[in-house]
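Asks: Dropping a structure here in structure tokens format, bear with me for questions.
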Amino acid sequence: MSRKILLEHIDVPGINTFDTYRKMGGYRSVEKALKTMSPDDVVEEVKKSGMRGRGGAGFPTGMKWSFLAKPVGVPRYLVCNADESEPGTFKDRYLMEKIPHALIEGMITSSYALGANTSYIYIRGEYFYVLRILEKAIAEAYANGFLGKNILGSGYDLDLYVHPGAGAYICGEETALLESLEGKRGNPRVKPPFPAIAGLYACPTVVNNVETIAAIAPIVNMGGDEYAKIGIGRSTGTKLISASGHINNPGIYEIELGLPVEEFIYSDKYCGGIKNGKKLKAVVAGGSSVPILPANLILKTANNEERLMSYESLSDGGFVSGTMLGSGGFVVYDEDSCIVRNTWNFARFYHHESCGQCSPCREGTGWMEKVLHRIEYGHGKLSDIDLLVEVSKKIEGNTICPLGDAAAWPVASAIRHFREEFEWHIKEATLSQTRNFGLLAAHEALVK
Amino acid sequence: MADKIKVTIDGQSVEVEPGTTILNAARQIGGDIVPPAMCYYSKLKGSGGKCRTCLVKVAQGSEKDPRPMPKLVASCQTQVMDGMVVENTTSPEVLEARKGVVEMLLINHPLDCPVCDQAGECDLQNLSFEHGASNSRYEFERRTFDKVDIGDKIQLHMNRCILCYRCVYTADQITEGRVHGVLNRGDQSEISTYISAAIDNDFSGNVIDVCPVGALTDKTFRFKNRVWFTKPVDAHRDCDHEKCSGNVVLWYKGEDVLRVTARKDQYGEVESFICNTCRFEKKATSDWIIEGPRKIEETSVISSNHYEMAHPLPVIEKNEALIEANKKMFHKKIK
């Protein structure tokens, strides 16, 4: 269960340069695709691989590609979403910084499959130094004939550009990203039409995450069927997990989907257990937007089955007792963490990042933040808890883009699973300012 | 021409052109089933989708694919399909969501209706009267901005703004150039001009008419009177501005024209845009050819002062003698 695909050569010195990357077998997928496969063949392989988008929503990539409209005479675009801003997620930065050519190679192969002759990497503004790394890599690819006119003599042309954002989480939403890329204010668009029909400059566009695009190269190299054998069930392949929080070994891990969560947290190969010998309290399994789960539910599902690192297993039980794999931002909380403060912190983030376009999100995120702030600082009322649930319900599902949902879920789930702690915070207003609630009695027995 | 398609909204069916949105299909039926719209404006391309007051439930996607849509949808943006079944006022889920939207719209709204020029013809006032709760659960300080003069004829009260973007689209599509837009994000978003530029062009006054609330007000009318004390009269003049229709409403108080606006339909949308000369400078009766009293929706507070009472009071409805005595006044409305 420790097969490495994306990060196979991460430790090779100089892997960030074209020559070393090529020596280690890089750009083989471009050669294979351009010389031996038709664009539709590549799409077919990706479909067969069953790979699901690595950005958070987990939509099958091959299916997304097959939705792309192909009107004659209209250009198509591939845009890579490198606006990685989800709190707790930092995998794309690592990949782009260490092995920039993995993304470039994936971009070329994917662009060929989609018939795009101009492609963009929209990178988060704060990653400006990574932009430099990517531009250097792109220059190397041009110099070696993998970008530009008539790539490898196949007659296929591709120009690749990197475009930095200006510091907005919302520009990671695909249509806001396209607006921003067009030079407009980064407001999400009302869908439909979806980008596959009218995206960048109103042309058919595919927007994919960095990790998704980087994984296209190994899929083409090994074949979709072979890739589909990795992982478990409909969660095929490997996934980069950004592990952070109170663990002994925080960092990026490439895991084969289907790894037990317990093994991931406690094995020395991965997180290495909870720091300072403390107990596990809660986990946010897929970046700040997904529901938080208490220790008992993250290790075992509600049916007492082992919880695995896969799309299906993590979402087992829906939002009542499950969560989502999301973007793989795995944040671990020990027994001394304050869930109220953590929830407030998340709410503050979403309040700050709401674009302000639609009313429920614009007003509701600020409202939730203020109520949570009040509870955290000992001025809360017991009725505040139900108020938060109510407000989160009014936001969820009623907004243009998923930011509203992402703001509502962490609050709703924290209250769902840690209501006692919220009540304690309000009842023991003075005490809660000096110490933390600790573990719930119900969880204690289940936790190592 | 493509065949018309059938859509059912709250049990009433209508046949519409393909490509029609649910909201416009509902408007073709008319009456209480029309979802309220705060940001959608049929004359402004790209408007809508933002305020979320027009959310409806699609109980059946179409004849071919009868599955319901998983979430509530913005009726101003969602196109109808053949055989679609929509629930608006008949869906508790929709009414609940709409109540939530109204509450959200009001938490940072100053509720200064008693001193707001828009009171009486304010979409937000109507909306909160119909769908809102009587109390707000919001207990924090409201977000505030300073009042700004944007140009010599228009004042901006950002506190009242609901960020519908209508004035932005108006400036883009109706006037010659846009110098204002939305700055910042989230609940700190504000309508503003770029580095204190003045909104100064022949058509700028239309942003006042499209504003659903009292955020953009006419400085020549500010604090002159309450709208329900003024008397609306349809009038026109032969305006030499090529884009101006010259069809207006004059709002009289006694002999004086206090303000001039474009004519608005029952959904608060202007029928045709007018130029600033007509709006701000022609305030004498002699400038205009009078057509007659403006018809105002009977539910509007404006009509209550000038026209017959729309509905008999409950006390009248319950009393045989009073019904008889008031028969003339309420025509057919008394059964």
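Asks: Give me the percent of Cα-Cα pairs in segment A:123-278 that sit more than 22 Å apart, rounded to a whole number.
Replies: On the way: 7540 of 12090 pairs.
So the pairs more than 22 Å apart make up 62 percent of the total in segment A:123-278.
Asks: State to the nearest 20 debye the size of the charge dipole of the protein assembly as shown about its Cα centre, where the only charges are +1 on K and R beta carbons and -1 on D and E beta carbons. Each step should come with its number before you reach the end.
Replies: Values: 92 positive and 100 negative charges, 47 e Å.
With only Lys, Arg, Asp and Glu charged at Cβ, the dipole is about 220 debye.
Asks: Turning to a different aspect of this structure: Can you give the percent of C-alpha pairs in segment A:305-448 whose distance is more than 21 Å?
Replies: Values: 4768 of 10296 pairs.
Taking all Cα-Cα pairs of segment A:305-448, the fraction more than 21 Å apart is 46 percent.
Asks: Here's a follow-up. Computed FRET efficiency, Cβ-Cβ of B:Lys147 and B:Gln266, R0 30 Å: what is it to the nearest 0.05?
Replies: Details: r = 31 Å, r/R0 = 1.03.
Step by step, r from the Cβ atoms, then E = 0.45.
Asks: Whose amide H sits under 5 Å from the amide H of A:Phe330, counting only residues 5 or more places off or on another chain, with H placed in the peptide plane?
Replies: Sorted by chain and number, the residues that satisfy this are A:Ser242, A:Ala243, A:Ser244, A:Gly287.
Asks: Shape call for chain B from the C-alpha gyration tensor, a ≥ b ≥ c root eigenvalues: rounded (a/c under 1.5), prolate (a/b greater than b/c) or oblate?
Replies: Details: a/c = 1.44, a/b = 1.14, b/c = 1.26.
Taking the square roots of the gyration eigenvalues as a ≥ b ≥ c, chain B is rounded.
Asks: Ok, one more. Which values of log₁₀ I(q)/I(0), to two decimal places, follow from the Debye formula for segment A:353-424 at q = 0.24, 0.25, 0.26 Å⁻¹ with a uniform point scatterer at every Cα?
Replies: The Debye formula, applied to the Cα set alone, gives -1.02, -1.09, -1.15.
Asks: Per residue of segment A:189-195, in order, report the coupling 6.51 cos²θ - 1.76 cosθ + 1.60 (Karplus, θ = phi - 60°) as ³J(HN,Hα) in whole Hz, putting x for Gly and Pro.
Replies: 8, 7, 10, x, x, 7, x
Asks: Going through the DSSP H helices of chain A, which span 15 Å or more along their own axis at the Cα atoms while scoring at least -1.0 as a mean Kyte-Doolittle hydropathy? Present the calculation step by step, with values, prior to reporting the outcome.
Replies: Details: long enough: A:39-49 (16 Å, -1.05); A:100-114 (21 Å, 0.65); A:128-143 (23 Å, 0.80); A:210-222 (19 Å, 1.53); A:339-353 (21 Å, -0.85); A:359-376 (25 Å, -0.81); A:383-395 (18 Å, 0.39); A:403-427 (32 Å, -0.25).
Span-like helices, by this rule, are A:100-114, A:128-143, A:210-222, A:339-353, A:359-376, A:383-395, A:403-427.
Asks: What average count of beta carbons from other chains do you get within 10 Å of the Cβ of residues in B:41-53?
Replies: Numbers: counts 0, 0, 0, 0, 0, 2, 0, 1, 7, 9, 4, 11, 1.
Averaged over the peptide's residues, the number is 3.
Asks: Further question on the same structure: Compute the relative contact order of segment A:1-101 as a whole-number percentage, counting only Cα pairs closer than 8 Å that sit 6 or more residues apart in sequence. Don't skip to the end; give the middle numbers.
Replies: Working: 50 pairs, mean separation 31.2, N = 101.
Relative contact order, segment A:1-101: 31 percent.
Asks: Shifting gears a bit: Can you tell me the FRET efficiency between A:Asn249 and B:Glu317 if r is taken as the Cβ-Cβ distance and R0 is 60 Å, rounded to the nearest 0.05? Spell out each step's value before the answer.
Replies: Numbers: r = 77 Å, r/R0 = 1.28.
The value I calculate is 0.20.
Asks: While we're here: Around A:Lys300, which amide H atoms from residues at least 5 apart in sequence, or from another chain, sit under 5 Å from its own amide H, with H modelled in the peptide plane?
Replies: Hits under the 5 Å cutoff: A:Arg307.
Asks: Here is a follow-up. Listed here are the pairs B:Lys6/B:Lys64; B:Lys231/B:Lys283; B:Lys50/B:Lys243; B:Lys231/B:Lys282; B:Lys219/B:Lys282; B:Lys50/B:Lys264; which of them are more than 19 Å apart at the Cα? Intermediate values should be presented prior to the final figure.
Replies: Numbers: B:Lys6/B:Lys64 13 Å; B:Lys231/B:Lys283 14 Å; B:Lys50/B:Lys243 28 Å; B:Lys231/B:Lys282 17 Å; B:Lys219/B:Lys282 15 Å; B:Lys50/B:Lys264 22 Å.
In this structure, B:Lys50/B:Lys243; B:Lys50/B:Lys264 lie more than 19 Å apart at Cα.
Asks: To continue, here is another question. Given Cα positions, please report Rg to Rh for the protein assembly as shown, the hydrodynamic radius being the Kirkwood one. Before the final figure, lay out the partial values.
Replies: Values: Rg = 29.8 Å, Rh = 29.2 Å.
Taking Rh as the inverse mean 1/r over Cα pairs, Rg/Rh reads 1.02.
Asks: Using the beta-carbon distance between A:Lys393 and B:Lys253 and R0 = 51 Å, what value does 1/(1 + (r/R0)^6) give for FRET efficiency, to the nearest 0.05?
Replies: Details: r = 47 Å, r/R0 = 0.92.
Given R0 = 51 Å and the Cβ-Cβ separation, E is 0.60.
Asks: Another question, if that's okay. Given Cβ point charges of +1 (Lys, Arg) and -1 (Asp, Glu) and nothing else, what value in debye, to the nearest 20, does the dipole of segment A:219-376 about its Cα centre take? Please report the intermediate quantities before stating the final value.
Replies: Details: 15 positive and 18 negative charges, 101 e Å.
My answer is approximately 480 debye.
Asks: How big is D, in µm² s⁻¹, for segment A:99-156 by Stokes-Einstein at 37 °C and 0.692 mPa s if Rh is the Kirkwood radius over C-alpha pairs? Intermediate values should be presented prior to the final figure.
Replies: Details: Rh = 12.0 Å.
The diffusion coefficient I find is 273 µm²/s.
Asks: Taking the Kirkwood radius as the inverse of the mean 1/r across Cα pairs, report the Rg/Rh of segment B:56-105.
Replies: Working: Rg = 11.5 Å, Rh = 11.3 Å.
Rounded to two decimals, Rg over Rh is 1.02.
Asks: Dipole of the protein assembly as shown (Lys/Arg Cβ +1, Asp/Glu Cβ -1, origin at the Cα centre): which of A:Phe146, A:Pro164, A:Thr399 lies farthest to the positive side?
Replies: A:Thr399
Asks: So what J values fall out for segment B:281-298 if you push phi through Karplus, 6.51 cos²θ - 1.76 cosθ + 1.60 with θ = phi - 60°, rounded to Hz, Gly and Pro as x?
Replies: Rounded to whole hertz, the list is 10, 9, 10, 10, 4, 5, 6, 10, 9, 7, 9, x, x, 6, 7, 10, 3, 5.
Asks: Restricting to the protein assembly as shown, what percent of DSSP beta bridges are antiparallel, rounded to 5? Present the calculation step by step, with values, prior to reporting the outcome.
Replies: Values: 58 of 82 bridges.
So the antiparallel bridges amount to about 70 percent of the total.
Asks: Just for chain B, what percent of DSSP beta bridges are antiparallel, to the closest 5? Display every interim value, and only then the final one.
Replies: Values: 37 of 40 bridges.
If we restrict to bridges inside chain B, about 90 percent are antiparallel.
Asks: After finding the eigenvalues of the alpha carbon gyration tensor for segment A:1-154, what semi-axes result from the square roots of 5 times each, listed largest first in whole Å? List each step's numbers first, then the result.
Replies: Working: eigenvalues 107, 79, 56 Å².
In descending order the semi-axes read 23, 20, 17 Å.
Asks: Quick one: B:Asp287, B:Asp240, B:Asp112, fewest Cβ neighbours within 10 Å first, how do they rank?
Replies: Details: B:Asp287 15, B:Asp240 9, B:Asp112 12.
Placing the least packed residue first, the sequence is B:Asp240, B:Asp112, B:Asp287.
Asks: Set Lys and Arg Cβ to +1 and Asp and Glu Cβ to -1, take the dipole of the protein assembly as shown about its Cα centre, and tell me which of A:His417, A:Leu308, B:Thr21 lies farthest positive.
Replies: Toward the positive end, the furthest listed residue is A:His417.
Asks: Label B:Phe229 and A:Leu431 with points 7 Å out from Cα along Cα→Cβ: what is the distance between them in nm?
Replies: Distance between label points: 6.1 nm.
Asks: I would also like to ask the following. Suppose we look only past 16 Å in the calculated P(r) of segment B:140-213. What percent of the Cα-Cα pairs does that tail hold? Please list the in-between numbers first.
Replies: On the way: 1216 of 2701 pairs.
That tail contains 45 percent of the Cα-Cα pairs.
Asks: Under a Cβ-only charge scheme (Lys and Arg +1, Asp and Glu -1), can you give me the dipole magnitude of chain B about the Cα centre, in debye to the nearest 20? Walk me through the numbers before you get to the answer.
Replies: Working: 44 positive and 48 negative charges, 82 e Å.
That gives chain B a dipole magnitude of about 400 debye.
Asks: Now, a different point. Just to be sure I follow: if Rg is taken over the C-alpha atoms of segment B:1-148 and Rh is the Kirkwood radius over the same atoms, what is Rg/Rh?
Replies: Working: Rg = 17.1 Å, Rh = 16.6 Å.
A ratio of 1.03.
Asks: List every residue whose amide H lies under 5 Å from the amide H of B:Thr20, counting only residues 5 or more places away in sequence or on a different chain, with H placed 1.01 Å from N in the peptide plane.
Replies: Hits under the 5 Å cutoff: B:Val80.
Asks: So between B:Glu17 and B:Asp32, what do we pick up on full extension, going 0.36 nm a residue minus the alpha carbon distance?
Replies: Numbers: separation 15, 0.36 × 15 = 5.40 nm, distance 2.18 nm.
Working it through step by step, the gained length comes to 3.2 nm.
Asks: Provide a whole-number value for the mean count of partner chain Cβ atoms within 10 Å of the Cβ atoms in peptide A:362-374. Mind showing how you got there, number by number?
Replies: Working: counts 11, 14, 6, 2, 9, 9, 0, 2, 5, 4, 0, 1, 2.
For peptide A:362-374, the averaged partner shielding equals 5.
Asks: Mind running the shape call on segment B:75-179? Use the C-alpha gyration tensor, a ≥ b ≥ c as the square roots of the eigenvalues: rounded below 1.5 for a/c, prolate if a/b tops b/c, oblate otherwise. Before the final figure, lay out each step's value.
Replies: On the way: a/c = 2.50, a/b = 1.26, b/c = 1.99.
Cα axes put segment B:75-179 in the oblate bin.
No value in this document is a laboratory result; all are computed from the given coordinates. None of these values were measured; they are calculated from a predicted model. No Cβ is skipped: glycine too gets one built from the backbone with ideal geometry, and neighbour counts run over all protein chains shown.
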